[in-house]
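Heads up: the structure comes next, in structure tokens.
The values are calculated or read from the model by the stated rules, or taken from the named source; none is laboratory data. Worth saying up front: this structure is predicted, and the values here are computed from it rather than measured. Note that we place each Cβ from the backbone using ideal geometry, even for glycine, and neighbour counts take in every protein chain shown. Side chains included, ligands, DNA and RNA excluded: accessible areas come from the protein's heavy atoms. Shrake-Rupley method; radii C 1.70, N 1.55, O 1.52, S 1.80 Å.
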Amino acid sequence: MLTLFTEFAPPTPDADEARRQAEEELSRGIYTDGPSLLERFFMWLQELLTGHMGGIGSTRWIYTVFAWVVVIAIAVIVVWLLVRFRRRRRQYAQDSSEVFTSESSSDDLLESAQQALREGMFDLALVERFRWMVRSCDERRIIRVYPGLTACDAAQRIAQFLPDLRGEIIDAAHLFDSVRYGQITASENDEQQMTRLTEHVVTVLSSPSEVKA
């Protein structure tokens, strides 16, 4: 039995053969600890920037120019995002925009809104409509306008007399802020909704019997 096992057992390799087989096994891809795909990309980009892929006389200088364009574009995007982020933080840090910067009467504001609408300036028309509503309430002594009054403050005070419209009035104040800050551009539909709401509010509050203290 021992003789038979020895006859069919695989031969034991000598030292040189064992070393050769080990090197061959270790050279397979599964044992390779090479750079990752991202590292290879940056290595390629570095080669482009340093000109290792070809000199000016070679057509590969185009790749170098392309690489610089990519780097500059990424830098511009990053700067733009940072500036936009900081601007939004400053905007949202304020609770609401100040409603008035002048002592315009409700008639003046209504005329301004209608003129802006005729010219297709929906942003200005929407903003002036909201101001018209607030100034009309002030002139009717429903609320008191004071320096620094914000859209949200005005909406909260008006909504006290119109609890059924509270949600719409608060939404109108937020829309006023968004349009005035330039966060969004008002559409014609936005302006029409603001017009319907503000006209309804002023009409109801103009009737003392409709006012709920």
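Tabulated results
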{"quantity": "Criterion violated by I142 - all others in (1) touching a residue at least 12 places away in the same chain (Cβ under 8 Å); (2) assigned to a helix (DSSP H, G or I) satisfied", "calculated": "(2)"}
{"quantity": "G148, sole failed condition from (1) over 15 Å from E98 (Cβ atoms); (2) open to solvent by 30 Å² or more (accessible area, probe 1.4 Å)", "calculated": "(1)"}
{"quantity": "Tally, over the stretch 179-201, of residues that are surrounded by 18 or more Cβ atoms within 10 Å (Cβ to Cβ) and either at pLDDT below 95 or part of a loop (DSSP other than H, G, I, E, B) (or both)", "calculated": "3"}
{"quantity": "Residues of the stretch 113-128 that turn out to be more than 26 Å from the chain's Cα centre (by Cα) and open to solvent by 30 Å² or more (accessible area, probe 1.4 Å), as a count", "calculated": "6"}
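Residue-by-condition table, conditions (1) open to solvent by 60 Å² or more (accessible area, probe 1.4 Å); (2) modelled with pLDDT of 95 or more; (3) out of contact with any helix residue (DSSP H, G or I) (no Cβ under 7 Å at 6 or more places or on another chain):
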site	(1), (2), (3)
E111	yes, yes, yes
F130	no, yes, no
V134	no, yes, no
R140	yes, no, no
R144	yes, no, no
A159	no, yes, no
E168	yes, yes, no
D177	no, no, no
